[in-house]
Amino acid sequence: MKILECVPNISEGRDPVKIASIAEEVRKHPGVKLLDVSSDKDHNRSVFTFLGEPPEVQEAALSFAMKAIELIDMQSHRGGHPRMGAVDVVPFVPVQGVEMKEAVEVARRFGKELGKRGVYVYFYEEAATSPGRRELPHIRKGEYEGLREKLMGPEWRPDEGPHAFNPKSGAMVVGARFPLVAYNVNLKTKDFALAKEIARKVRFKDGGFPNVRAMGVNLEDKGLVQVSMNLTNCQVTGIPAVYEFIKEEAGKRRVEVEESEVIGLIPLTVLEGIVRHYVKCHRFSIRQVIEQRILESE
């Protein structure tokens, strides 16, 4: 059986009615299973996770995207997370029996179909059409507020869809990638500058950990600040490494960690790494988990 995962992020994390309505578009497809919906009011963003056979996942993603575009108006959107559009990013992730090449083909077909419907799309990661568009942060630079000006330059002509600013829905970034872990660490302080400083130290592009993207987020309602991260390859840099580093850096300013959080779903191998690190069980394997062995025997 082929299994392809889709993890779309929408620019809505505060209206439960809209979020439920968008989720229902996925549930309408019997060959697709909606595994998780994670919403964050501070980020004003929701992350959905669903999977199934590639053709069914593509169709479900299309229904999902069009409903989100119908319900979300970017002209009134405010939140702590960078974004370009109502449906900000749609990655397709190969899980079982699917090669990356096939995930890229699904992403391209999905993007082309959206383009026909008037949505402008940029392809990223493995589906990128040029090296300069591979990295999501580079494509998203300037965010929604900078899109109108960005589209005036020929170098930012969309891969699919009209070359014209749409104030309601903005732009969508579509791609294919390997499994990613969205991981945040919240600090007991209102010092936003500290969160930004630690994020700079931890992220790879500024000399930090490999395969880590990070930014500081101000959680005003909670009276906290956050180091928000994407770990793009946990086999290279896992949760324990970045958590301990952030804890140590914050401790230098006598700031404690309030909590950390995982957004969406993660592979079992991530938990394997956590167990190996924190309880020094260096030979621990996910195959020692009862439920995993049951799944393998089915």
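The values are calculated or read from the model by the stated rules, or taken from the named source; none is laboratory data. Note that this is a predicted model, so its numbers are computed, not measured. Backbone-built Cβ (ideal geometry, glycine too); neighbour counts: all protein chains shown.
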Selection from segment 189-243 of residues that are under 19 Å from the mean Cα position of the chain (by Cα), assigned to a loop (DSSP other than H, G, I, E, B) and hydroxyl-bearing (Ser, Thr, Tyr):
THR232, THR237
Taking PHE165 as meeting all but one of (1) in a loop (DSSP other than H, G, I, E, B); (2) within 21 Å of GLY79 (Cβ to Cβ); (3) touching a residue at least 40 places away in the same chain (Cβ under 8 Å), write down the number of the exception.
(3)
Is there a residue in segment 257-273 that is out of contact with any strand residue (DSSP E or B) (no Cβ under 7 Å at 6 or more places or on another chain) and among the β-branched types (Val, Ile, Thr)?
yes
Restricted to segment 15-33 and to residues being touching a residue at least 24 places away in the same chain (Cβ under 8 Å) and among the basic types (Lys, Arg), the residue surrounded by the most Cβ atoms within 10 Å (Cβ to Cβ) is LYS18
Going by the conditions given, is ASP191 at negative phi, at pLDDT 95 or above and in the same structural domain as GLY118 (by TED's automatic domain parsing)?
no
Picked from segment 35-58 (must be crowded, with 19+ Cβ neighbours inside 10 Å and free of Cβ contacts under 8 Å to residues at least 40 places away in the same chain), the residue nearest to LYS2 (Cα to Cα) is SER46
Just name the residue that is nearest to MET229 (Cα to Cα) out of those in segment 251-286 that are among the small types (Gly, Ala, Ser) and assigned to a helix (DSSP H, G or I).
GLY273
Per the filter on segment 16-59, residues at pLDDT below 95 and either over 20 Å from the mean Cα position of the chain (by Cα) or acidic (Asp, Glu) (or both) are PRO30, GLY31, ASP36, ASP40, ASP42
Any residue at all in segment 88-104 that's exposed (fewer than 15 other Cβ atoms within 10 Å of the Cβ) and in contact with a Gly (Cβ under 9 Å, 6 or more places away or on another chain)?
no
If you go through GLY111, GLY79, GLY115, the only one that is in contact (Cβ under 8 Å) with a residue 40 or more places away in the chain and not in a helix (DSSP H, G or I) is GLY79
Quick check on LYS252: is it under 30 Å from ALA65 (Cα atoms) and surrounded by fewer than 17 Cβ atoms within 10 Å (Cβ to Cβ)?
no
Can you tell me which of PRO179, PRO162 is within 18 Å of the chain's Cα centre (by Cα) and at pLDDT below 95?
PRO179
